[in-house]
Amino acid sequence: MIDVCDLKTYYSTGFLCRTEVRAVDGVSFGIKKGETLGLVGESGCGKTTLGRSLLRLIEPTGGRVVFDGTNITALSRKDLRRFRPRMQMIFQDAYASLNPRMRVRESITEPLRIHGLEDRAGIGRRVRELIEMVGLNEEHLNRRPYELSGGQNQRVVLARVLALEPEFIVADEPTAGLDVSVQAQILTLFRDLGRDYHTACLYISHDLGVVRAMSDRVAVMLKGRIVEIGPTADVLDRPCHSYTRRLVAASSADRGFSRPAPCPALPGSPVMVEVQSGHWVEAAAR
Amino acid sequence: MAFGISVTIMFVILHLMPGDYITLYLEGIYVIAPPEVVLAYNQAYGLDRPLIDQYFSYFLGVLQGDWGYSLSYSRPVLDVISEKLVWTLVILLPATILSIIAGIAIGAYSGWRRGSKADVTLLNGMIFLRAIPSYWLALMILLVFAFYLDLFPLGGYVSLSALDTGIDLLDVMNHAALPIFTLFFFSVTGTYYLMRNSMLMTAGEDYIVTARAKGLDDMTILRQHALKNAMLPMVTRVALQCAGMLTGSIFVETIFSWPGIGMLTFEALQVRDLPLLQGILLMDTLIVIVANIGADMIYPFVDPRVEVGSDARA
């Protein structure tokens with residue numbers, strides 16, 4: 001579905017002496033249709049930049065993103081716009097990602113128009129369908145974002161994204177701002193919908209528990225690079241990179257899990273090493 | 001309340017000012033004013049009464065709509081002001097409206113295209129414009145457009161031919177062009193700054209990024225999502241600007257000899273016509289208060305999050 005090859009996004013800051021920040025520094029991975037890839041890493045490691053660069057909401061400095069056979073990094077702005085509805089993004093702050101002037105109904109209707117649904121009755125029916133699908137009811141349609149709670153707003157965002165029927169979603173910590181019970185509801189909803197629609201998803205989070213529950217595979221990011229990637233259970237239960245080990249140890253310590261099992265020995269030279277089928281680790285920094 | 005306080009403060013400050021109308025007026029007639037003549041004048045105008053007495057009679061008068069009697073015009077203050085206010089509005093309204101529209105349009109564009117060549121050029125141009133002392137700019141405009149290029153009249157509000165033909169709209173517009181232009185330049189920079197900043201904030205919001213991710217084109221996002229949200233701070237600005245321009249027009253009117261409130265202020269100040277001066281300042285105060293109340297009343301209509309008199313839900 002989506003193939004990322006050597007993606008780089010650099011920022012340069014400073015006016016006189018320019019310094020380059022390598023937010024995303026040569027990242028490669030792929031996500032299959034209907035698969036969820038969890039992306040974990042500490043804050044500031046480039047997770048969000050990576051998510052946005054994939055959709056070209058931030059222009060990447062180099063590398064390729066191939067979406068459904070099309071190299072979107074090479075598309076012109078106009079062609080890219082036609083691709084946009086097929087890949088969507090969910091932000092951490094649902095309230096901020098809804099236009100405060102728009103009622104819920106308008107927010108959900110707008111993407112339907114983009115999707116080419118024109119007739120009023122059809123739009124009305126679809127909007128009601130969507131709002132019920134995310135567990136809200138018609139009464140909420142006439143509210144504005146400030147009249148809804150954080151969890152309700154995130155459901156609205158979800159309905160709005162689903163209205164476009166995207167094939168790929170980047171979810172940037174969509175539950176980080178919510179309390180635990182609401183978080184669980186949203187996650188369940190998210191997972192069920194992902195299953196129904198066969199959407200590919202990049203799920204960005206720093207919460208290993210959430211990632212474990214949500215994703216089929218996990219990628220661990222450190223300082224702009226992916227240092228370990230593989231099936232969720234493999235990576236989180238048998239972490240091989242020293243950073244992943246620390247990450248897992250830190251989160252399992254306060255959850256009462258056992259410490260991770262030791263990792264099999266790795267051969268030295270290449271950059272990424274396959275320790276088990278589909279489980280790759282950056283060897284250099286191990 | 002605010003009105004009462006400002007009446008008091010104005011009364012005190014204006015009476016602290018050195019010089020008085022009678023002395024200045026009599027100096028035009030005598031070399032040194034004879035004390036008995038001064039006394040006679042003061043008695044005639046009631047200026048010999050204790051200040052506190054004058055204050056209370058003025059305060060009560062103001063509340064009843066009697067704003068006093070202009071010494072230099074020999075007419076009620078309200079009459080003089082309302083006559084001049086019309087002329088001020090002739091230049092003030094177009095200048096304010098133009099500067100608001102232009103400021104919003106240019107500021108929105110500049111903020112939306114942040115960092116582009118157009119934005120940088122506009123921003124630096126506006127900073128430059130803002131840094132020019134306004135009275136100097138007014139003089140230069142007068143000098144270049146009226147004197148050297150001879151495109152517009154040097155001053156006044158009608159030409160001499162009005163004595164025969166009556167006041168002609170086109171003629172007035174021709175006279176008003178330069179003052180309007182100058183006033184416009186003074187206020188457009190402020191509106192531009194505010195709008196640009198406001199747009200920068202809005203353009204960084206997640207819902208704008210989302211709109212872009214949905215595949216809307218740039219102009220639709222600007223029109224449907226960004227512009228209205230960025231315009232909110234403008235409501236307050238516009239209200240205050242209406243009031244601020246009134247005082248800002250003092251030197252513009254003086255330089256272009258435009259017979260409005262601004263020039264009236266200048267005249268009243270020169271001859272120490274205190275009742276008139278008080279009346280003008282009172283008028284300014286009233287306008288500021290009304291404009292602020294107006295802005296507060298309009299806010300709920302433009303921003304659904306604000307409701308007057310009810311606790312907004314967080």
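The values are calculated or read from the model by the stated rules, or taken from the named source; none is laboratory data. What you see is a predicted model, and the numbers here were worked out from it, not measured in a lab. Positions of Cβ are backbone-derived with ideal geometry, glycine not excepted, and every protein chain shown enters the neighbour counts.
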If A:Glu132 passes every condition in (1) surrounded by fewer than 16 Cβ atoms within 10 Å (Cβ to Cβ); (2) of a type in the set (Asp, Glu); (3) in a loop (DSSP other than H, G, I, E, B) but one, which one does it miss? (3)
Tell me the residue from B:Thr121, B:Thr165 that is at pLDDT 85 or above and not aliphatic (A, V, I, L, M), please. B:Thr121
Please indicate, with yes or no, whether at least one residue in region B:73-94 is assigned by TED's automatic domain parsing to the domain that holds B:Leu240, farther than 24 Å from B:Val252 by Cα and within 26 Å of the chain's Cα centre (by Cα). no
Return the residues of region B:213-224 that are surrounded by 20 or more Cβ atoms within 10 Å (Cβ to Cβ), assigned to a helix (DSSP H, G or I) and either modelled with pLDDT under 85 or touching a strand residue (DSSP E or B) at 6+ places or on another chain (Cβ under 9 Å) (or both); say none if nothing qualifies. B:Ala213
Tally of residues being touching a Phe, Trp or Tyr at 6+ places or on another chain (Cβ under 9 Å), away from chain B (no Cβ under 14 Å) and hydroxyl-bearing (Ser, Thr, Tyr) across region A:39-55: 0
When you scan region B:230-246, do you find a residue that is surrounded by fewer than 20 Cβ atoms within 10 Å (Cβ to Cβ), closer than 30 Å to B:Asp20 by Cα, more than 13 Å from chain A (Cβ to nearest Cβ) and under 14 Å from the mean Cα position of the chain (by Cα), even just one? yes
The correct count of residues that are within 11 Å of chain B (Cβ to nearest Cβ), of a type outside the set (D, E, K, R) and assigned to a loop (DSSP other than H, G, I, E, B) in region A:135-163 is 2
Residue hits (region B:44-82; assigned to a helix (DSSP H, G or I) and touching a Lys or Arg at 6+ places or on another chain (Cβ under 9 Å)) are B:Ser57
Conditions: (1) surrounded by fewer than 21 Cβ atoms within 10 Å (Cβ to Cβ); (2) in contact with a helix residue (DSSP H, G or I) (Cβ under 6 Å, 6 or more places away or on another chain); (3) away from chain B (no Cβ under 14 Å). A:Ala74 meets all but one. Number of the miss? (2)
Within region B:291-302, is there a residue that is more than 14 Å from chain A (Cβ to nearest Cβ), in a helix (DSSP H, G or I) and aromatic (Phe, Trp, Tyr)? no
Flag if A:Ile58 is within 11 Å of chain B (Cβ to nearest Cβ) and of a type in the set (Val, Ile, Thr): yes
Please count how many residues of region B:77-106 are in contact with a Phe, Trp or Tyr (Cβ under 6 Å, 6 or more places away or on another chain) and free of Cβ contacts under 8 Å to residues at least 60 places away in the same chain. 0
Which residue out of A:Arg64, A:Arg120 is touching a Cys at 6+ places or on another chain (Cβ under 8 Å) and either surrounded by fewer than 16 Cβ atoms within 10 Å (Cβ to Cβ) or not hydroxyl-bearing (Ser, Thr, Tyr) (or both)? A:Arg64
For region B:191-207, name all the residues that are part of a helix (DSSP H, G or I), within 12 Å of chain A (Cβ to nearest Cβ), surrounded by fewer than 22 Cβ atoms within 10 Å (Cβ to Cβ) and in contact with a helix residue (DSSP H, G or I) (Cβ under 9 Å, 6 or more places away or on another chain). B:Met201
If you check A:Pro85, A:Pro174, A:Pro166, which single one turns out to be of a type outside the set (A, V, I, L, M), touching a residue at least 60 places away in the same chain (Cβ under 8 Å) and assigned to a helix (DSSP H, G or I)? A:Pro85
Being within 14 Å of chain B (Cβ to nearest Cβ), surrounded by fewer than 16 Cβ atoms within 10 Å (Cβ to Cβ) and in contact with a helix residue (DSSP H, G or I) (Cβ under 9 Å, 6 or more places away or on another chain) narrows it down to one of A:Arg84, A:Arg101, A:Arg105, A:Arg113, so name that one. A:Arg113
Taking region B:107-118 and keeping only residues that are assigned to a helix (DSSP H, G or I) and touching a residue at least 40 places away in the same chain (Cβ under 8 Å), one is left with B:Gly107, B:Ala108, B:Ser110, B:Gly111, B:Trp112
Being away from chain A (no Cβ under 14 Å), in contact with a helix residue (DSSP H, G or I) (Cβ under 9 Å, 6 or more places away or on another chain) and at positive phi, is that true of even one residue in region B:118-130? no
Of all residues being among the small types (Gly, Ala, Ser) and not in a loop (DSSP other than H, G, I, E, B) in region A:55-82, which is farthest from A:Phe168 (Cα to Cα)? Just the residue, please. A:Gly62
